[in-house]
Amino acid sequence: QVQLVESGGGLVQAGGSLRLSCTGSGIIFSISAVGWYRQLPGQQRELVASVFGYNIPNYADSLKGRFTISRDDAKNTVYLQMNSLKPEDTAVYYCAAGPHIWSMVHWGQGTQVTVSS
């Protein structure tokens with residue numbers, strides 16, 4: 001059974017940084033597609049960043065340069081470093097994984113990120 005457990009969300013002031021973590025069990029991140037998605041209030045879930053294996057990560061165009069996805073294979077953990085946060089980044093952030101970037105079949109429970117102005 002695959003389980004993804006996120007942590008690291010919280011409240012931060014605009015301009016600040018947060019790092020989200022997602023640890024997987026029952027799945028090997030280094031040979032899977034893993035990614036971060038977010039759901040802003042009243043909106044559909046959207047891609048933040050994703051990576052498959054050792055390929056170049058893919059980012060939402062609007063977030064390039066501020067957000068960075070990385071992975072620690074020894075810990076089977078994927079991270080999302082978020083810098084220069086803005087109030088419009090306030091959302092529930094989800095970790096996802098699956099056999100392909102277009103087939104993220106496993107999801108975490110989500111972690112709330114709130115950016116105050």
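Every number in this text was worked out from the coordinates using simple rules, so none of it is lab data. Because the structure is a prediction, the values reported are computed rather than measured. Glycine gets a Cβ as well: all are built from the backbone with ideal geometry, and neighbour counts include every protein chain shown.
Label point 7 Å out from residue 70 along Cα-to-Cβ: which residues of the stretch 13-46 have amide N under 17 Å?
It comes to 17-23, 30, 35-36, nothing else.
Separation between the residue 116 and residue 56 pseudo-spin-labels, each 7 Å from Cα along Cα→Cβ, expressed in nm?
So the two model labels end up 4.0 nm from each other.
For the stretch 17-31, just list the computed ³J(HN,Hα) in residue order, Karplus coefficients 6.51, -1.76 and 1.60, θ = phi - 60°, integers in Hz, with x standing in for Gly and Pro.
10, 9, 10, 8, 10, 9, 9, x, 10, x, 8, 9, 5, 5, 10
What FRET efficiency, computed as 1/(1 + (r/R0)^6) with R0 = 35 Å and r the Cβ-Cβ distance, is obtained for residue 86 and residue 1, rounded to the nearest 0.05? Can you show the working numbers first?
Values: r = 37 Å, r/R0 = 1.05.
The value I calculate is 0.45.
Return, for the Cα atoms of the stretch 3-63, the radius of gyration and Dmax in Å, separated by a comma.
That works out to 13.2, 36 Å for Rg and Dmax.
Within the chain, what is the longest stretch that has no trypsin sites (Lys or Arg not before Pro) placed in a DSSP loop and near at most 16 other beta-carbon atoms within 10 Å? Before the final figure, lay out the partial values.
Numbers: sites that count: 66, 75.
Answer - 1-65.
Percent of Cα-Cα pairs per 5 Å bin, from 0 to the last occupied bin, for the chain, please list those.
Computed distribution, short to long bins: 2, 13, 25, 26, 19, 10, 4, 1, 0.
Among DSSP beta bridges whose residues both lie in the stretch 1-109, state the antiparallel percentage, nearest 5. Walk me through the numbers on the way to the answer.
Values: 36 of 37 bridges.
Given both bridge residues lie in the stretch 1-109, the antiparallel proportion sits at roughly 95 percent.
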